[in-house]
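Worksheet: one structure, shown below.
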Amino acid sequence: MGRRVMRTALTAVVVAETLSGCVFSYDAAHPALGYINSFDQPVTVIIEGTDPEIETPIPGQRSSDTLLSECVGTAIRVETVDGALLGRIEEQACPGWVVTITKDGNVEYRE
């Protein structure tokens, strides 16, 4: 009888989650702002408005991330290693979001 009750309860939870449409993938154990550098050159991503500013170097054609437990800063700046500005996003850096540097050096920021 106990297994039947457990199976029924588990089925009810699965059905409720399916019907509600609440399916998301957020890894609470590893909240991070992700970086994808598809550009051929290394870049540095700087989170402005933090003390000190958070700088993350990313080699060309590589990915990385910065651990964040909450949204921080006031803007995100992406520069080449010689200091040339590729782009600046006037939004906070948030876990679960991704900064992408495209092959042609454009900067995108998406959830």
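The values are calculated or read from the model by the stated rules, or taken from the named source; none is laboratory data. This structure is a prediction, so every number in the text was calculated from the model and none was measured. When we count neighbours, we look across all protein chains shown, and the Cβ atoms used for this are built from the backbone with ideal geometry, even at glycine. These area figures cover heavy atoms from the full protein model, side chains too; ligands, DNA and RNA do not enter into them. Shrake-Rupley method; radii C 1.70, N 1.55, O 1.52, S 1.80 Å.
At-a-glance table
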item: 5 angstrom amide H check on Ser63, placed H, neighbours 5+ away; result: Asn37
item: Gain upon complete extension [Arg110, Leu85; 0.36 nm per residue less C-alpha separation]; result: 7.1 nm
item: Area of Tyr35 that stays accessible when all protein chains are in place (1.4 Å probe, Å², to 10); result: 0 Å²
item: Integer Hz, Karplus 6.51/-1.76/1.60 couplings in order for region 90-99, x for Gly and Pro; result: 8, 9, 5, 7, 10, x, x, 9, 9, 9
item: Amide proton proximity set for Glu48, modelled H, under 5 Å, gap of 5+; result: Thr74, Ala75, Ile76, Arg77
item: Of all accessible heavy-atom area on region 42-107, the percent that carbon and sulfur account for (1.4 Å); result: 47 percent
item: Normalised contact order of region 44-111, rounded percent, pairs of Cα under 8 Å and 6 or more residues apart; result: 26 percent
item: Two-site FRET efficiency, Ser38 against Ser69, from Cβ-Cβ distance with R₀ of 30 Å, rounded to 0.05; result: 0.65
item: By average C-beta atoms within 10 angstrom, highest first, the peptides 55-61, 97-103; result: 97-103, 55-61
